[in-house]
Amino acid sequence: QRLKVEDALSYLDQVKLQFGSQPQVYNDFLDIMKEFKSQSIDTPGVISRVSQLFKGHPDLIMGFNTFLPPGYKIEVQT
Amino acid sequence: MAAPQLVMLANVALTSEVS
């Protein structure tokens with residue numbers, strides 16, 4: 001299914017809420033998105049960085065997985 | 001880039017970056 005802008009906004013809100021006391025985490029996420037857009041990093045690079053950034057937050061990782069193309073997935077460690 | 005939804009997420013994140 002195709003995700004919409006509202007889904008992206010909702011996910012970003014979720015990230016901001018969870019790291020309300022650590023705004024640097026959201027800034028780091030924006031940096032990853034910037035590097036992806038400028039093609040400094042590719043999809044596997046994004047996956048690697050995001051999985052480190054959101055380590056210990058399986059709901060955020062599962063939410064992020066919904067934006068990945070088929071065949072890509074961050075494994076959640078429980 | 002064959003990751004259109006990830007591009008969309010990045011676009012939304014970067015355009016809504018108003019603080």
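So, in the protein assembly as shown, how many Lys pairs have Cα atoms under 19 Å apart, if the pair is 8 or more places apart or on different chains?
Values: A:K4/A:K16; A:K4/A:K37; A:K16/A:K34; A:K16/A:K55; A:K55/A:K73.
The result is 5.
Return the loop-located GluC sites (Glu not before Pro) in chain A (DSSP other than H, G, I, E, B) with at most 12 other Cβ atoms within 10 Å of their own Cβ; answer none if there are none. Spell out each step's value before the answer.
Numbers: sites: A:E6, A:E35, A:E75; in loops: A:E75.
Sites meeting the loop and neighbour criteria: A:E75.
Just flag the chymotrypsin sites (Phe, Trp or Tyr not before Pro) in chain A sitting in loop per DSSP whose Cβ has no more than 16 other Cβ atoms within 10 Å.
Numbers: sites: A:Y11, A:F19, A:Y26, A:F29, A:F36, A:F54, A:F64, A:F67, A:Y72; in loops: A:F19, A:F54, A:F67, A:Y72.
The qualifying sites are A:Y72.
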For the range A:5-12, in order, what is each residue's ³J(HN,Hα) by Karplus, 6.51 cos²θ - 1.76 cosθ + 1.60 with θ = phi - 60°, in whole Hz (x at glycine and Pro)? 3, 4, 5, 5, 4, 5, 5, 4
A:L9 and A:E35 label points (each 7 Å along its Cα→Cβ direction) are spaced in nm at 2.9
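Every read-out reported here was derived from the displayed coordinates using simple, explicitly stated rules and does not represent laboratory data. Everything numeric in this text was worked out from a predicted model, so none of it was measured. Using ideal geometry, Cβ is built from the backbone for each residue, glycine included, and neighbour counts are taken over all protein chains shown.
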